[in-house]
1. Need a quick list: strands (runs of 3 or more DSSP E) entirely within segment 161-230 having at least 2 residues that are of a type outside the set (S, T, N, Q), within 16 Å of the chain's Cα centre (by Cα) and under 26 Å from D53 (Cβ atoms).
2. Filter segment 22-56 down to the residues that are surrounded by fewer than 24 Cβ atoms within 10 Å (Cβ to Cβ) and β-branched (V, I, T) and list them by number.
3. Does segment 243-250 contain at least one residue that is in contact with a Gly (Cβ under 7 Å, 6 or more places away or on another chain), under 28 Å from T10 (Cα atoms) and either assigned by TED's automatic domain parsing to the domain that holds F30 or not acidic (D, E) (or both)?
4. Among the residues of segment 303-320, are any at pLDDT 95 or above, on the phi > 0 side of the Ramachandran plot and over 18 Å from the mean Cα position of the chain (by Cα)?
5. Can you confirm whether segment 319-331 contains a residue that is surrounded by fewer than 18 Cβ atoms within 10 Å (Cβ to Cβ), more than 24 Å from I250 (Cα to Cα) and touching a strand residue (DSSP E or B) at 6+ places or on another chain (Cβ under 9 Å)?
6. What pairs can you find where one residue is in segment 272-288 and touching a residue at least 12 places away in the same chain (Cβ under 8 Å) and more than 16 Å from R257 (Cα to Cα), the other is polar (S, T, N, Q) and in a helix (DSSP H, G or I), and their Cβ atoms are less than 7 Å apart, with a gap of 6+ or different chains?
7. Please tell me if D135 is under 25 Å from the mean Cα position of the chain (by Cα) and under 20 Å from V70 (Cβ atoms).
8. Considering only residues that are crowded, with 19+ Cβ neighbours inside 10 Å and either not small (G, A, S) or not in a loop (DSSP other than H, G, I, E, B) (or both), which ones fall in segment 287-297?
Amino acid sequence: MHTFADPIRTAVRLAADKVGVIDGDATFTFAELHDRCAKLAGALAGLGLNPGDRVAILAGNGHRYIETYVAVPAAGFVVVPLNTRHAEPELIYALEDSGTRVLITDRDPGALAGVVEHVVMIPEAYEALVASAGDTGKVELGEGVEENDLAGLFYTGGTTGKSKGVMLSHRNLIANTYHYLVAVPQRAEDVMLVMAPMFHAAGSNGILANIWTTGLQVTLDTFDPGHALDLIEKHGVTETLGVPTMLAAIAEEQHARPRRTDSLRMIAHGGSPIATEVLRRTHSAFPTAELNELYGATELSPLCTVLIGEENLLDQERARSCGRPVVGEEIRILNIDGAPVEPGSIGEVVVRGPNVMQGYWNKPEQTESVLKESGYWTGDLGYLDPDGYLYLVDRSKDMIVSGGENVYSTEVEEVLYRHPAVLEAAAFGVPDERWGEAVWAVVVPREAHHNVDPGEIIEFCRERIAGYKVPKGIDLRTEPLPKSGPGKVLKRELRAPYWEGRDRAVN
């Protein structure tokens, strides 16, 4: 098994003078990228860091993020990517919990500066730090680093109490790089637009794969659909990865103000379920691109299944699947007692493989609750069809129980997105005196349909799903739905006002 040092060493051996990263007007060959990584590692060692010490980064996408993500683990330290949308108390908790010694950031650290020993500001202090190592202070990347060493601590969103630091080793992340390359082959001539935030495992998943195959990465600092399309046109981008809300946004922008995007051969998405209507609009906006769904979790480094060529499945039931397990992983559907259920029956998705995390940092009880002999218990509810395709029906915490009937929010959202007025939609449960819970929805209409009647959307649903699944009410809002840093809709924020003072956990 390899470590983080191997992809960059391979790229230098095969294509030292080839440009590997474009960040705005800055370009870096693989030789330059390796040199900067080695100097950054040496400079961090010069600050007194020892193997296993933590280095956090709080920044937008860019070449310095790639360098930090590669160099820190390759030198035997542990990288701690911080969510740029977390509030200061959440960030302080992550720094204190991880014992981070150095913070690299592109923004005012505020109170974070008092938690760590060193703050390295991007760009000036960062560049000075790299330059301080010189040629004599460079570190030999990978020296003394083992595959089971901890490579990164990825802090989850913390929807239930304090966030958890997901412990991912070199073996975890390198194995998942193999999985990604087998499932979605990369070529040396590929140009990858990095638009998902790198602090998320999904955003950083392709970094090692693209370096290893000597592809070109173009970074997008902060997601903006217009800027993303401009970069696709300018650099002839061949592939990109985003969450469903990003796909919806670039599709809307392309339909409204089209750019030349026929270089695109693949658009991957993951992070949360996607409505078939969003896939239709994405395919119509980018007809040259193959659409691939990637399902996983931070605890899985993060990839688990892949569904290839969704654009060919839009009128088939299989379009609702998230694909088959990648080579090297196993999925089982288990009931609450840990026993397998029959194909087609719903249970919890449990995953085995070399990509499964080592555990949660300093949280043995939470680790024990999800890591069992049978694998990692994801908290996702789903089923396998006879051909081994996985279908997710909901997060266990998002399932609505109305009058004893299980209502899966994704099924309701699938119908909502078919209505021509609906740009964004989220369904969830609210208190109901008679039924315990009732289905409710929040909808963001398209600009041309801002006066749509919620009753019209409800009737639209009534014609397409069972009565107990139809939203009892729909709230319209003009601003986008609240989202996490990676772009997942935060249903807990939408649910919270309805459950205030009630017993149901607002997770």
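1. Working: elements: 165-169, 191-194, 216-219.
Counting at least 2 such residues, we get 165-169.
2. Those that are surrounded by fewer than 24 Cβ atoms within 10 Å (Cβ to Cβ) and β-branched (V, I, T): I22, T27, T29.
3. No, that holds for no residue.
4. Checked against the condition, which is being at pLDDT 95 or above, on the phi > 0 side of the Ramachandran plot and over 18 Å from the mean Cα position of the chain (by Cα), segment 303-320 yields at least one hit.
5. Checked against the condition, which is being surrounded by fewer than 18 Cβ atoms within 10 Å (Cβ to Cβ), more than 24 Å from I250 (Cα to Cα) and touching a strand residue (DSSP E or B) at 6+ places or on another chain (Cβ under 9 Å), segment 319-331 yields at least one hit.
6. P273/T410
7. Here the answer is no, as D135 does not meet what is asked.
8. L291, N292, E293, L294, Y295, G296 - these are the residues of segment 287-297 that are crowded, with 19+ Cβ neighbours inside 10 Å and either not small (G, A, S) or not in a loop (DSSP other than H, G, I, E, B) (or both).
The values are calculated or read from the model by the stated rules, or taken from the named source; none is laboratory data. Computed from a predicted model, the values in this text were never measured in an experiment. Note that each Cβ is placed from the backbone with ideal geometry, even for glycine, and that neighbours are counted across all protein chains shown.
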